[in-house]
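The values are calculated or read from the model by the stated rules, or taken from the named source; none is laboratory data. All of these numbers come straight from a predicted model, not from anything done at the bench. Neighbour counts are summed over all protein chains in view; Cβ atoms, including those assigned to glycine, are modelled from backbone coordinates with ideal geometry. When the accessible area is computed, the model is the full protein with side chains, heavy atoms only, and any ligands, DNA or RNA have been set aside. Shrake-Rupley method; radii C 1.70, N 1.55, O 1.52, S 1.80 Å.
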Amino acid sequence: MKLPRLLLAALGLAFACQVGAQSKYPERPVTMIVPFAAGGPTDVVARIVGEHMSRTLGQQIVVENVAGAGGTTGITRGAQASADGYTIMMGHMGTHGAAPALYPGLKYDPAKDFEPIGLAAGTPILIVARKNHPATDLKSFIEWLKTNGDKVNMAHAGVGSVSHSTGVLFNSVVGVKPTFITYKGTGPALNDLMAGTVDFMTDQIVNVAPQVQGKTVKAFAIATATRSPALADVPTTKEGGLNGYEVSAWNAVFAPKGTPKEIVAKLTDALDKALDDEGTRKRLLDLGGVIPEKSGRGGAALQTLVVSEVARWTPVLKGSGDAK
Ligand code: MLT
C-alpha cells in the first residue's frame, strides 16, 4: 500500500522541518511579555537582561507590557502563547508565587504551565514613603501608621503583585490597615509617591534605588538581613527595630509549557551569558539587584524556587483576609 510510505515521508519531512526550525532558532524577534506597566522593576530587569540576550541570540528581544490583575493578565497570555520560543515572559515572586493564593480562578499553574528558563535577579524590598513624610525613622513611621489607620494611602501594583504581597505581609506584621491604592505597576506608583499623592509602599529596590539616592522619596528600611551596597545608608528592618519582616522578591524568565528543549536551552544559555556580562551585572548591581550564583541559575533551580514560593506565600496571603 502506497499510503503508509507517503504518510511516513510526510511525517518525516514535517519532523525534519521542525528539527531544522529549532536548530535555526531564533529566526525572527522574540517577544518578552512584561506583565506590568513600563518603567517598573519587572520592566527594568527585563530590558537589562533582554538587551544582552538579544546579542547572544542574534535576534531582538522585544518587550511587550501587558499589565493588569497583579501581573496575572500578562502571564496568562504568555502561558497560552504558541510554545515556539517566540513568546517568553518575565514573571516574579508575585505572578509565580503569590498569585495562586489570591486568584482562585487563576488560568495557569506556576509550577506546571511553564518551561522555566532561569532566575534573572533577586530584588530586596524597601519600605519607601513620600519625601515630605514627617517620620524620621522606621520606628516613628510605624507609630504614624498606627495613629493614622485607614487614612494612610498605600500603593501597590494589583492584588498578588510583589508590592501587594509584601505590603500585606508588612501590614500584618506591624498591625495596621492602610487604604490600598492600585496601579498598573510600581513605576506609575512611584510617580505618585514622588508627587506626594500617595503615602508609602513596599517595593523592589531596582525600582526605587535612584529615587532614594536622589532623595525624591524617603526609604525607612530594607527588608533584608544586611544592608544593600547600592543603598548603604538605608538600615535594615531589624536595625530599625522591626522583627519578623525580612522579604525579598525575584524576577525570572519563563516560556510556555511545551517549548522545545533545544529552544529552552538556547534561552537559558542567553540569560546565563547576560548574567555573566560585566556591563549587565553592573547595571543590575547599581540598582541593588542581586545576581544569582551559577548554582541558582537555569530551569531546575527556578522550578524549585517557584514550588517553594507558592508554598511559602499561600498561607501568608490566604490568612491575611486581604485576598481581594
Ligand atoms: C512592577 O514591575 O511594576 C512590579 O513588579 C509590580 C509589583 O509586582 O509590585
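Note on N243 and A300: their simple-model spin labels are 3.9 nm apart, each label 7 Å out from Cα toward Cβ.
Using a Förster distance of 51 Å, how high is the FRET efficiency between L13 and V307, based on the Cβ-Cβ distance and rounded to 0.05?
In this case the efficiency is close to 0.80.
Taking all protein chains together and rolling a 1.4 Å probe, K282 ends up with roughly 120 Å² accessible.
Quick one: which of K24/K112; K139/K184; K177/K318; K261/K282; K257/K282; K131/K177 span more than 25 angstrom between C-alpha atoms?
From K24/K112; K139/K184; K177/K318; K261/K282; K257/K282; K131/K177, over 25 Å: K24/K112; K139/K184; K261/K282; K257/K282.
For the chain, the share of DSSP beta bridges that are antiparallel, to the nearest 5, is 65%.
Give, in nm to one decimal, the length gained when the segment between D137 and D269 is fully stretched (0.36 nm per residue of separation minus the Cα-Cα distance). If you can, show how the numbers build up before the last one.
Values: separation 132, 0.36 × 132 = 47.52 nm, distance 4.36 nm.
Gain on extension, D137 to D269, equals 43.2 nm.
With the dipole of the chain worked out from charges on the C-beta (+1 for Lys and Arg, -1 for Asp and Glu) around the Cα centre, which of L317, A9, G94 lies farthest toward the positive end? Highest projection toward the positive end goes to A9.
Hydrophobic, long helices, defined as DSSP H runs whose alpha-carbon span along the helix axis is 24 Å or greater and whose mean Kyte-Doolittle value is at least 0.5, occur in the chain at 2-24, 298-318. Near the amide H of V152, within less than 5 Å, lie the amide hydrogens of T179, all on another chain or at least 5 residues away, with H placed in the peptide plane. Helix content alone sets the calculated 222 nm mean residue ellipticity of the chain: runs of n ≥ 4 DSSP H residues at -39500 (n - 2.57) each, divided across all residues, give -13500 deg cm²/dmol.
Rounded to the nearest 10 square angstrom, R77 shows an accessible area of 120 square angstrom against a 1.4 Å probe. Of the residues A249, V152, G58, the one whose Cα sits farthest towards the positive end of the charge dipole of the chain is G58 (charges of +1 on Lys and Arg Cβ, -1 on Asp and Glu Cβ, taken about the Cα centre).
Dipole magnitude for segment 125-231: computed about the Cα centre from +1 point charges on Lys and Arg Cβ and -1 point charges on Asp and Glu Cβ, it is near 120 debye. A cut-off of 5 Å between modelled amide H atoms, ignoring neighbours fewer than 5 places along the same chain, links M32 with V62, V63, E64, I88.
Choose one of A135, V34, P124: the residue whose Cα lies farthest towards the positive end of the charge dipole of the chain (beta-carbon charges +1 Lys, Arg; -1 Asp, Glu; about the Cα centre). So the residue furthest toward the plus end is V34.
Taking a ≥ b ≥ c as the square roots of the eigenvalues of the Cα gyration tensor, an a/c ratio of 1.5 or more together with a/b no larger than b/c marks segment 1-119 as oblate. Which cross-chain or sequence-distant (5 or more) residues have an amide H under 5 Å from the amide H of T236, H modelled 1.01 Å from N in plane? For T236, the qualifying residues are I222. In this Cβ point-charge picture (+1 for Lys and Arg, -1 for Asp and Glu), the chain has a dipole of about 440 debye about its Cα centre. Y183 exposes around 40 Å² of accessible area when a 1.4 Å probe is run over every protein chain in place. Let's test the formula: R0 of 51 Å, r as the Cβ-Cβ distance of L6 and D276. What FRET efficiency results, to the nearest 0.05? According to the calculation, E is roughly 0.55. Centre-to-centre, using Cα atoms only, segment 85-111 and segment 6-66 are separated by 19 Å. Overall, segment 211-283 carries a charge dipole of about 200 debye about its Cα centre when +1 sits on the Cβ of Lys and Arg and -1 on the Cβ of Asp and Glu, all other atoms neutral.
For segment 125-231, give me the percentage of DSSP beta bridges that are antiparallel, rounded to the nearest 5 percent.
Rounded to the nearest five, the antiparallel share is 65 percent.
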